[in-house]
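Chemist: Got a structure for you, questions after.
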Amino acid sequence: MANVQGIPVYKEMGASPTPQGTQDGTRVVIVGAGPVGLAMALDLGRRGHEVTVLNRLDFVAHCSKAICFSKRSLDILDRLGVCDPAVEKGVTWNVGKVFWGAGDDPIYQFDMLPVKGQKRPGFINIQQYYIEEYLLNGCRALPNVDIRWGHRVDAVSSLNDGAELSVSTETGGYTLRAEWLIACDGSRSTVREKLGLDFEGRVFEDNFLIADIRMKHEMPSERWFWFDPPFNPGKSALMHKQPDDVWRLDFQLGWNIDREAAIRPENVEPFIRAMLGEGVDFEREWYSVYTFQCRRMARFVHGRIIFAGDAAHLVSPFGARGCNGGFADIDNLGWKLDLVLRGEADDSLIETYNDEAVATADENILNSTRSTDFLTPKSTASQALRDAVLELAQDHAFARPFVNSGRLSTPVAYPASSLSTPDRDEWREGAAPGTPVLDAPHAGGWLLERIGGDFVLLARDWHHELPRGVRLVEVDGLAAERLGLTGGAAALVRPDQYVAARWKSASPADIEAALARAKGGTACLH
């Protein structure tokens, strides 16, 4: 495996040529060709827009990054046409187990897909570079998506009608102007730094060792988490299976450590041997040390410069809310920017991305912070409380929801979204405005497949005309039951598959007004 700048290489892409001349232009520029940037490019590209992606490196990295992709992220990848290879390659799992001390039996286990009858599983584990490859293949199939490898951003200027970037390559440099700039360039975002912006939040005083190893040893495809195991006393550990006989092992180390020494094989392998047993053969894949951070920018939208993924927010990896949160960002932004670029909505619609993406980040940061505080108690009282919860959880079901080994990523609802039309009817069940539609079997396939990425009216017995740009999907059976739709009822669904409005009985005027509101208008405020 080749190494460039100390980074192992999964796939060499080669430096893209420098444009002729010193000036270049595009409608949308995305900085960063990681999973979030590529997903954003694929989303906008599939909607027909001209997109240019700039990536500092000229290869796809082969190293320890995201591996856990949630049901919601799989639904998003499905909409983008790249989920099938990910699920085929990935390790599917729904069950997580929590252990405490030296016991061989879990004190608690959970199911990440409690509602069955959906197309995709609760989670898959798959290395990030595979996800990047599938997204890249999708982008390559689109002539309107231009990915430029080895093109580094040196300066960024915000303009009234867009943004201007100074870009350098091995053979020269140029200025690139765009109507919109989307920064998906990670936790050390160049765009954020050049604009003088920063994060707010907490950095936790603890270190964790990631050991990705390759071994043939057979174990269940489950998430196993230990509190105070004998192989890491007083601390925690995690084990997850990945494709290609790769396993991720995670060990809490504490705060005052020598980070460079901690990743030396002679210091890592005693942890691995103690966890797995002396008789298990393994090979090193990747060792690294990280520190928890739960931070975000104050705002994700700055004029026509938009931040998404780790460039906008950071969370601890326990809970798998990092890359999954980034996919939630692009899912929220893509359809809104599409409407703006088409002239069907004004720039104010992008402000609702700021509102809803910040709400998602705050929910993820809240859960991540609580997980971290439970994992790493910093006082005698908090340690005693955590141990009491673990003790109770062994025999009492009421205590198990309080066991926090990382609250795993689930979709975030927007109950206060300005794009939603409040209920006028009384509902006891179903998907409320501001919540995502739950998948279900439908017409020989799946409901979310039928919804796709459009405005859709899900209805029972609809016999009226629909506004332009809204597609009708008649539902029945389990799909109607999960939506709470009886005869004559309907729900308007946004292109990100969130419910915008619902009625027990609706008129075409109701649909028209709710559609206008979902596009950022105020036609329904009467």
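Chemist: Around residue 25, which amide H atoms from residues at least 5 apart in sequence, or from another chain, sit under 5 Å from its own amide H, with H modelled in the peptide plane?
Modeler: Placed amide hydrogens put 177 under 5 Å from residue 25.
Chemist: I would also like to ask the following. For the charge dipole of the chain, defined by +1 on Lys and Arg C-beta atoms and -1 on Asp and Glu C-beta atoms about the Cα centroid, which residue among 265, 427, 113 has the Cα displaced farthest towards the positive pole?
Modeler: 427
Chemist: Compute the signed sum of charges (Lys and Arg +1, Asp and Glu -1) over the other residues within less than 10 Å, Cβ to Cβ, of residue 107.
Modeler: -1
Chemist: Okay, next question. Extent of segment 88-146 along each principal axis, from alpha carbon coordinates, in Å, largest to smallest?
Modeler: 56, 29, 16
Chemist: Let me ask something additional. Please list, in order along segment 254-260, the HN-Hα scalar couplings obtained from phi with the Karplus expression 6.51 cos²θ - 1.76 cosθ + 1.60 (θ = phi - 60°), rounded to whole Hz, x for Gly and Pro.
Modeler: x, 8, 8, 10, 8, 5, 5
Chemist: Additional query: Using a cut-off of 14 Å between beta-carbons, work out the net charge of the residues near residue 75 (Lys and Arg +1, Asp and Glu -1, residue 75 not included).
Modeler: Charge balance in the 14 Å sphere: 0.
Chemist: Right, next: Estimate the FRET efficiency between residue 109 and residue 202 by the formula 1/(1 + (r/R0)^6), using the beta-carbon distance for r and 30 Å for R0, to the nearest 0.05.
Modeler: About 0.50, to the nearest 0.05.
Chemist: Which three extents, in whole angstrom, do the alpha-carbon atoms of segment 1-53 cover along their principal axes, largest first?
Modeler: 37, 29, 13
Chemist: Same structure again: Using a cut-off of 16 Å between alpha-carbon atoms, which aspartates and glutamates can reach residue 97, once sequence neighbours fewer than 8 places away in the same chain are excluded?
Modeler: 105, 111, 222, 228, 250, 391, 395
Chemist: Return the Rg/Rh value of segment 22-118, two decimal places, where both radii are evaluated on C-alpha atoms and Rh is the Kirkwood radius.
Modeler: Ratio of gyration radius to Kirkwood radius: 1.13.
Chemist: Which listed residue (359, 379, 393) has the Cα farthest towards the positive end of the charge dipole for segment 349-395, taking +1 on Lys and Arg C-beta and -1 on Asp and Glu C-beta about the Cα centre?
Modeler: Highest projection toward the positive end goes to 379.
Chemist: Counting only protein heavy atoms and using a 1.4 Å probe, what share of the accessible area of segment 183-234 belongs to carbon plus sulfur, as a whole percent?
Modeler: 45 percent
Chemist: Roughly how many debye, to the nearest 20, is the charge dipole of segment 3-87 about its Cα centre, given +1 on each Lys and Arg Cβ, -1 on each Asp and Glu Cβ, and no other charges?
Modeler: Result for segment 3-87 is approximately 240 debye, rounded to the nearest 20.
Chemist: Please express the shape of segment 363-488 as an equivalent ellipsoid: the semi-axes are the square roots of 5 times the eigenvalues of the C-alpha gyration tensor, given largest first in whole angstrom.
Modeler: Taking √(5λ) for each Cα gyration eigenvalue gives 42, 17, 14 Å.
Chemist: Further, regarding this structure: Quick check for you: with a 1.4 Å probe and neighbouring chains kept, what is the accessible area per residue of the chain, in Å²?
Modeler: 41 Å²
Chemist: Please give the calculated 222 nm ellipticity per residue for the chain, where each DSSP H segment of at least 4 residues contributes -39500 (n - 2.57) and the sum is spread over every residue; nearest 500 deg cm²/dmol?
Modeler: Calculated mean residue ellipticity at 222 nm is -8500 deg cm²/dmol.
Chemist: Separate question: Of the accessible area of segment 129-182, with the probe set at 1.4 angstrom, what percent is carbon plus sulfur?
Modeler: 41 percent
Chemist: Using θ = phi - 60° and the Karplus curve 6.51 cos²θ - 1.76 cosθ + 1.60, what whole-Hz ³J(HN,Hα) does each residue of segment 78-87 get, with Gly and Pro shown as x?
Modeler: Values per residue, Gly and Pro as x: 4, 4, 8, x, 10, 7, 3, x, 5, 5 Hz.
Chemist: Suppose each label sits 7 Å from its Cα in the direction of the beta carbon; what would the residue 299-residue 481 distance come out to in nanometres?
Modeler: 4.7 nm
Chemist: Mind grabbing the base-10 log of I(q)/I(0) for segment 68-206 at q = 0.14, 0.17 Å⁻¹? Debye formula, identical points on the C-alpha positions, no solvent, two decimal places.
Modeler: Debye curve over Cα of segment 68-206, log10 I(q)/I(0) at q = 0.14, 0.17 Å⁻¹: -0.95, -1.10.
Chemist: Carbon and sulfur: what percent of segment 394-500's accessible surface (1.4 Å probe)?
Modeler: So the carbon and sulfur contribution to the accessible surface is 50 percent.
Chemist: With each pseudo-label sitting 7 Å past Cα toward Cβ, what's the residue 88-residue 449 distance in nm, one decimal?
Modeler: 1.5 nm
Chemist: Please give the per residue volume of the convex hull enclosing the alpha carbon atoms of the chain, rounded to a whole number of Å³.
Modeler: 160 Å³
Chemist: Next question. What is the distance in Å between the Cα centroid of segment 243-275 and that of segment 211-234?
Modeler: Each part reduced to its Cα centre gives a spacing of 11 Å.
Chemist: Which of the peptides 116-123, 70-77 is most tightly packed, and how do the rest follow, going by the mean number of other Cβ atoms within 10 Å of each residue?
Modeler: Those peptides, ordered most packed to least, come out 70-77, 116-123.
Chemist: Give the long-range amide H neighbours of residue 420: residues separated by 5 or more places, or on another chain, with amide H under 5 Å away, using H modelled in the peptide plane at 1.01 Å from N.
Modeler: Excluding prolines and chain starts, which carry no amide H, there are no hits.
Chemist: May I ask for the Rg/Rh ratio of segment 175-231, computed from Cα atoms with Rh as the Kirkwood radius, given to two decimals?
Modeler: Over the Cα atoms of segment 175-231, Rg/Rh equals 1.19.
Chemist: With just the Cα atoms of segment 460-526, tell me how far they stretch along each of the three principal axes, in Å, largest first.
Modeler: 34, 24, 21
Chemist: Full-extension gain between residue 193 and residue 157, please, as 0.36 nm times their residue separation minus the C-alpha to C-alpha distance.
Modeler: 11.8 nm
Chemist: Now, a different point. Listed highest first by mean packing, meaning other Cβ atoms within 10 Å per residue, what order do 174-185, 365-376 come in?
Modeler: Going by the mean number of other Cβ atoms within 10 Å, highest first, we get 174-185, 365-376.
Chemist: May I pose another question? Give me the dipole magnitude in Debye, nearest 20, for the chain about the Cα centre, with unit charges on the beta carbon: positive for Lys and Arg, negative for Asp and Glu.
Modeler: 340 debye
Chemist: Okay, moving on. With the contact rule set at Cα under 8 Å and sequence spacing of 6 or more, what percent relative contact order holds for segment 50-145?
Modeler: For segment 50-145, the relative contact order is 39 percent.
Chemist: I'd like the distance separating the alpha-carbon centroids of segment 461-519 and segment 294-356, in whole Å.
Modeler: The distance from the Cα centre of segment 461-519 to that of segment 294-356 comes to 26 Å.
Chemist: Along segment 107-112, what does the Karplus equation 6.51 cos²θ - 1.76 cosθ + 1.60 (θ = phi - 60°) give for ³J(HN,Hα), rounded to whole Hz, x for Gly and Pro?
Modeler: Per residue, the Karplus-derived 3J(HN,Hα) values read 7, 6, 9, 9, 10, 7 Hz.
Chemist: Tell me, how many Å apart are the Cα centres for segment 120-172 and for segment 364-391?
Modeler: So the separation of the two Cα centres works out to 38 Å.
Chemist: For residue 147, which sequence-distant residues (separation of 5 or more, or a different chain) have an amide H within less than 5 Å of its own amide H, given hydrogens modelled in the peptide plane?
Modeler: 53
Chemist: Also, quick follow-up: I need the shape label for segment 160-206. Rule: rounded when a/c is under 1.5, else prolate if a/b > b/c, else oblate, with a, b, c from the alpha carbon gyration tensor.
Modeler: oblate
The values are calculated or read from the model by the stated rules, or taken from the named source; none is laboratory data. In this text the structure is predicted, and so the values were computed from the model without any measurement. Counting neighbours? That spans all protein chains shown, and the Cβs are built from the backbone with ideal geometry, glycine included. What goes into the accessible areas is simple: the full protein's heavy atoms, side chains included, and nothing from ligands, DNA or RNA. Shrake-Rupley method; radii C 1.70, N 1.55, O 1.52, S 1.80 Å.
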